[in-house]
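For reference, the structure discussed in these notes is given below.
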Amino acid sequence: MVSEKVRKGRSLPGRLSFRARVFAALVGISATTSLVIGLVLYYFAEDRLVAQERELLIQRSRTANAGAGVFLEGLRNPESGDLPAPDAYAEELVRSVADPTGLGVLYAGPDGEPLAARDGAGRPVSPERAYERLGLNGEVLERAEGSPRGEGRIVRLGGDGGGGAPRYVAVWPLLGTNETAQGVLVYDSPERGLEETLAFLRYGILGAIGTSVLLVGAASLILARQITRPLSDTRDAAIRVASGDYSFVPVRGNDELAEVARSFNFMAREVQHYVGEMRRQKGRLEAVLEASPEAVVATDASEKITMSNPAAERILGIDPAHDHGRPLEGLGAPKALLECLREATRTGAAVHEIEVGEKTYWAYAARMQDPKHAATDGDHGAVEGAPGGGAILAVRDITEYRSLERAKTAFVSDVSHELRTPLTTIQSALDLIERARERLDPLEHRALELADGELKRIRGMVEELLTLAQMDSRQYSLEVAPSDLDEVVRSAISGIESKAQRFGIELRYDPSDSSPHTTCVCDAQKIYQVLLNLLDNAIKYSDPGGRVRVYVLDGRDYVTVRVSDTGVGIPEEDLPQLFDRFYRVNKDRSRTTGGSGLGLAISKQIVDLHGGALAVRSTVGVGSTFDVRLPKSPVPRSASYAI
């Protein structure tokens, strides 16, 4: 297909190939140069020949005019010194001058009337016709006849009217010994000799030009082939590369064309490598999509399907073989799914949980950027609202997961509620025994304290389980309002201060430097619970003599509460699982101090519900630092919370 298109492009009428253009350019330059040089040589040679002919005419006409004067003196009457009438000796005078010099001669009498004439071959001609042919006029003859010293004049007559070389004639006065003019003699060179010489010169130059053009044409043809052959090879190789054949271009020599061939071969190798890599990646991607349990659908800017996997047919009823190019809405896709897709097109990404009948789906959509119009903000990705090239949608069936989650939540809630009653009864019994404390021996006192401590730990665990069950069932709500975070922190410190003193821990609070009262929109009671848990952990996992510091860092959009201790620290490999439920780093110490592994999990979910973040940094043997980052303005609940 590609090669056929290229051939059609080469056969378009009115378009010359590169080889033909190179050949025409070289021949045209050569012909133009040869023609200019030939014209310069011709006009230079013509000028020199005409100048030599003019000098020769002057010399020959001077000699001829001297002979004419001698002839005239021979006709003078010795006795009277008179000369015959001009028309009596005109023919004889012209013949005696023309025959020995080979010049054309015209004799005009004292009154300017032409009397006799002969051509360069000595043949008599009509004086009137010769006068007209030379283009003379009476003014020229009068000037020559009136020359004070009998000097002749050279008169330019111009060409022959056909663009030939200019002609010159010599006009001499005919003087006797008494310096009296007896008329005028006009001498001209034979035309044939100069014209033949110039014609021979013209033909010679034209022949040289033609020969040089032929030779240069042959050389240009060879050179054009040498130039265009590597280009033709490169073109054919490009066609092969476009067709999937990555054979290389032969490299000939070390000139610039050889460098082009080497560069093309390098490009072909790189294209082969990247095409192979793209095919391998495509194969892996297709395998992943084939095996994926999630329905994956790609759409263009008009919501028409461009790609789908087999799971899309099972979950959404989209046939990968027949539904490509059809709009997603026309295939009966749920309205909530279309809203998720359109929200991603507007904002860049969207996550929704969708219920369709008895089924529950998790849907994630992300906008795909159009390479022609992708708008980016530095190196941080697409700008919101930038034109997109479509979207990709992933849908997962989480019906079974939600059912198990509801069953687990119901079980935890039921168990927690069921445990409350016996725990309350046990607590009442312990309180009754506590009243008879004076009658108990020391061992019984110790047993009573242990029982009371374990009962409080179990009751705390039950409350934490109920809290997690409420969060999982979405029954856990926040009562957000503008709150003085400084007051919340002081309340938490006041509530834990006695425990810190009992454990021998120094507890210190450093409020914000910028403002002693930092306000943020939050649920003060829930944040108090988070801070109380962090402070309790900092005290429990610090040795006597340790220090716990609390800081409030005020930012432009966020406020951060930092709890830092000098405790035992947390190993780096335990940090990723630190906020998981029931995860405890030091299980032996947790049992001793009464930890359940749920406090940090609950704290993190509370902070997430506020739109904030809970982060930790720790070094074993140095201590740990927890940062509670809260937004100053209310943030809607994260769309990903339900996942």
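The values are calculated or read from the model by the stated rules, or taken from the named source; none is laboratory data. This is a predicted model, so every value here is computed, not measured. Here the Cβ positions follow ideal geometry from the backbone for every residue, glycine too, while neighbour counts run over all protein chains shown. Ligands, DNA and RNA are stripped out before the accessible areas are found, and what is left, the full protein with its side chains, is counted by its heavy atoms. Shrake-Rupley method; radii C 1.70, N 1.55, O 1.52, S 1.80 Å.
Within the same chain, aspartates and glutamates fewer than 8 places from Lys499 are excluded, and of the rest, those with a Cα less than 16 Å from its Cα are Asp536, Asp543, Asp565.
3J(HN,Hα) couplings calculated from phi for the stretch 617-629 with the Karplus curve 6.51 cos²θ - 1.76 cosθ + 1.60 (θ = phi - 60°) are, in sequence order, 10, 8, 9, 4, x, 10, x, 10, 9, 10, 10, 9, 9 Hz; Gly and Pro show x.
Among the protein heavy atoms of the stretch 481-631, carbon and sulfur supply 47% of the accessible surface, probe 1.4 Å, non-protein parts ignored.
3J(HN,Hα) along the stretch 30-46: 5, 5, 5, 5, 5, 5, 5, 5, x, 5, 5, 5, 4, 5, 5, 5, 4 Hz, from the Karplus curve 6.51 cos²θ - 1.76 cosθ + 1.60 with θ = phi - 60°, whole Hz, x for Gly and Pro.
Near Ala500, once Lys and Arg are set to +1 and Asp and Glu to -1 for all other residues with Cβ below 11 Å from its Cβ, the sum equals +1. Here the Karplus relation 6.51 cos²θ - 1.76 cosθ + 1.60, evaluated at θ = phi - 60°, turns the backbone of the stretch 541-553 into coupling constants of 9, 10, 7, x, x, x, 10, 10, 10, 10, 10, 10, 10 Hz, with x for every Gly and Pro. Annotation: amide H of Gly120 within the under-5 Å range of Gly104, sequence separation 5 or more or interchain, hydrogens built in the peptide plane.
In a simple Cβ point-charge model (Lys, Arg +1; Asp, Glu -1; nothing else charged), the stretch 30-137 has a dipole of about 480 debye relative to its Cα centre. Solvent-accessible surface of the stretch 481-631, averaged per residue with a 1.4 angstrom probe and all protein chains in place: 47 square angstrom.
If I take R0 = 30 Å and measure r between the Cβ atoms of Ala51 and Glu151 in this structure, what FRET efficiency does the formula 1/(1 + (r/R0)^6) give, to the nearest 0.05? Don't jump to the answer; show the numbers that get you there.
Numbers: r = 20 Å, r/R0 = 0.67.
Efficiency at R0 = 30 Å is approximately 0.90.
In this rough spin-label picture, where each label sits 7 Å from Cα along the Cβ direction, the Gln272-Leu285 distance is 2.4 nm. Accessible area per residue for the stretch 177-309, computed on protein heavy atoms with a 1.4 Å probe, is 60 Å².
Surface listing: Arg143, Arg95 arranged by accessible area from highest to lowest gives Arg143, Arg95, probe 1.4 Å. In the stretch 59-120, one over the average inverse separation of all distinct C-alpha pairs is 12.0 Å, which is the Kirkwood hydrodynamic radius. Between amide H atoms placed 1.01 Å from N, distances below 5 Å from Ala349 occur with Arg367, all of them 5 or more places distant or on a separate chain.
For the listed residue pairs Lys282/Lys304; Lys304/Lys359; Lys304/Lys604; Lys304/Lys632; Lys540/Lys604; Lys456/Lys604, the alpha carbons are over 30 angstrom apart in Lys304/Lys604; Lys304/Lys632.
Here the stretch 208-353 has 59 percent of its accessible surface on carbon and sulfur atoms, given a 1.4 Å probe and all protein chains in place. Here Asp441 and His322 are evaluated by their C-beta separation; at R0 = 60 Å the FRET efficiency comes out at 0.10. The calculated Kirkwood hydrodynamic radius for the stretch 481-631 is 15.5 Å, given to one decimal from all distinct C-alpha pairs. Distances between placed amide hydrogens fall under 5 Å for Lys359 paired with no residue 5 or more residues away or on another chain.
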